[in-house]
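Take a look at the structure set out below.
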Amino acid sequence: MTFGWTSVTAALHKRRMLHSLALVGMILTATPGGAGGIAAVDVADNRVTVRFDDRVDGASAFLLDGPRRIALDISGAQAGRGNVIPANNAIAAIRQGQLSGDTARVVLDLSTPATLDDARIAPDGKSLSFSIQGVSDSHFRAAIGKGRTRFDAPADMAARPQKRLHSITVPIPAAARGVTLPPVEGAHDGARPLVVIDAGHGGHDPGAINKEHGKREKDVTLAIAQAIRDQLVKSGRVRVALTRDDDRFLVLQERYGIARKLGADLFISIHADAAENADAHGATVYTLSETASDREAARLAARENKADIINGMNMGGQSGDVSSILIDLTQRESMNISANFARLLQREAAPYVPFRSAYHRFASLMVLKAPDTPSVLFETGYISNAEDAAFLSSRQGQQKIAQGVARAIEVHFARKLAMRGDTSGG
């Protein structure tokens, strides 16, 4: 099978995300021209109505997982004040905020899987209503893959004159602090997708260590990252770069900063876990969430995020406030893609790599916080487990991991190509 991947879809995604990132720093002080402010959000049974004090231009909706949410982006609208706790079994809460100068976002936090149906804007453009339909988990996941659903304002509403925005721009921290960018290998076609593989730890930071055999996480992750790189280069279907190709130390911000600087379409950080229980074994895939999915995910986040702290000094250079803003306003689409890839990685790599039964977890991991790059952290196994340690440190085991990861990457980008409906092979 020949895949004709190009970077058109990725470029569109990145433009959207970079646009959102730039808007993080905007403080809107005035919006002359009568934008439709959100006056109320009413919930009656399974029907939700968002009311405005002026006309709006249109709206779109999409679903998010981890946690489950329905997001509405409303053009020509200004967010109101306060959140809503609705009397509805499917909706836990309704929040709103300003996504950009003239686009408000309304987020429905879901208690159970549900989709949006029968959405319409009133003829006068002053309200948006839709119904909430409870669905199964599989139906919800399938609906996520469909992307945005758009619904326009009535045709008789002429476009309003462009509103003038007043803003103060706050600079966003640099993606990487002077680190030398690694070479990009593989296909000699700049339009091919770019995957950045990050070998966890390195240099003075050995990561987890097997107490019996002395195997170090930093050595295992580098060997696995190199094996994945070689497998992808051999396929010729994607371009690939390693954040480190030797035993060097990189702070966490530099790792995802390299991916951002290179314009990566996917970022995979390779690790090997450790546990007090020597029987713990199997691979796990982590994606970003500000709320850990369980105590073990919280423990991992606490351990990995300390990789930037050297002699008591925090080398990460990014405040919690900035991090929270980036996640809330710019990472939602990337987080959704990341969660989908996590499930795909387990499916495609399972014939080669033993996984834990609860293979997908969420954690607030600093290395996954690139706002515009889908990212996963792949714990390839437990270096504290004798069987896993032997598998991870063996040439055969590393090759199997590389095969599984490469299969998932190829299917991931083939899906993106299929969603574009492009079969020309360009």
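Any idea which residue in segment 235-281 is surrounded by the fewest Cβ atoms within 10 Å (Cβ to Cβ), counting only those that are β-branched (Val, Ile, Thr) and in a loop (DSSP other than H, G, I, E, B)?
Across segment 235-281, the extreme among qualifying residues is Val251.
Would you please name the residue that is modelled with the lowest pLDDT, looking only at residues in segment 29-87 that are outside any loop (DSSP other than H, G, I, E, B), under 11 Å from Ser127 (Cα atoms) and not aliphatic (A, V, I, L, M)?
Among those residues, the one meeting the criterion is Gly36.
Criterion first (crowded, with 24+ Cβ neighbours inside 10 Å and of a type in the set (Lys, Arg)) does Arg229 satisfy it?
Numbers: crowded, with 24+ Cβ neighbours inside 10 Å: no; of a type in the set (Lys, Arg): yes.
No, not satisfied.
Among the residues of segment 377-397, is there at least one that is under 17 Å from the mean Cα position of the chain (by Cα), under 18 Å from Asp65 (Cα atoms) and in the same structural domain as Lys261 (by TED's automatic domain parsing)?
Yes: one or more hits.
Considering only segment 113-137, how many residues are farther than 13 Å from Leu63 by Cα, without any contact (Cβ under 8 Å) to a residue 60 or more places away in the chain and not in a strand (DSSP E or B)?
Adding up the residues that qualify gives 3.
Checking the condition of a type outside the set (Phe, Trp, Tyr), over 21 Å from Asp65 (Cβ atoms) and either without any contact (Cβ under 8 Å) to a residue 60 or more places away in the chain or not in a strand (DSSP E or B) (or both), which residue from Ala408, Ala418, Ala414, Ala370 passes?
Going through Ala408, Ala418, Ala414, Ala370 in turn, the sole match is Ala414.
Every residue in segment 347-368 that is surrounded by fewer than 22 Cβ atoms within 10 Å (Cβ to Cβ) and farther than 20 Å from Ala274 by Cβ, please.
Arg347, Glu348, Ala350, Pro351, Tyr352
Those residues that are outside any strand (DSSP E or B) and farther than 25 Å from Lys416 by Cα, I need them from segment 282-292; list them, please.
Gly282, Glu290, Thr291, Ala292
Any residue in segment 186-203 that is over 24 Å from Ala406 (Cα atoms) and either surrounded by 18 or more Cβ atoms within 10 Å (Cβ to Cβ) or of a type outside the set (Lys, Arg) (or both)? Can you show your working first?
Applying the first criterion (over 24 Å from Ala406 (Cα atoms)) to segment 186-203 yields 203.
Now narrow it down to the ones that are either surrounded by 18 or more Cβ atoms within 10 Å (Cβ to Cβ) or of a type outside the set (Lys, Arg) (or both): 203.
Yes, that holds for at least one residue.
The values are calculated or read from the model by the stated rules, or taken from the named source; none is laboratory data. Because the structure is a prediction, the values reported are computed rather than measured. Here the Cβ is made from the backbone with ideal geometry for all residues, glycine too, and neighbour counts use every protein chain on show.
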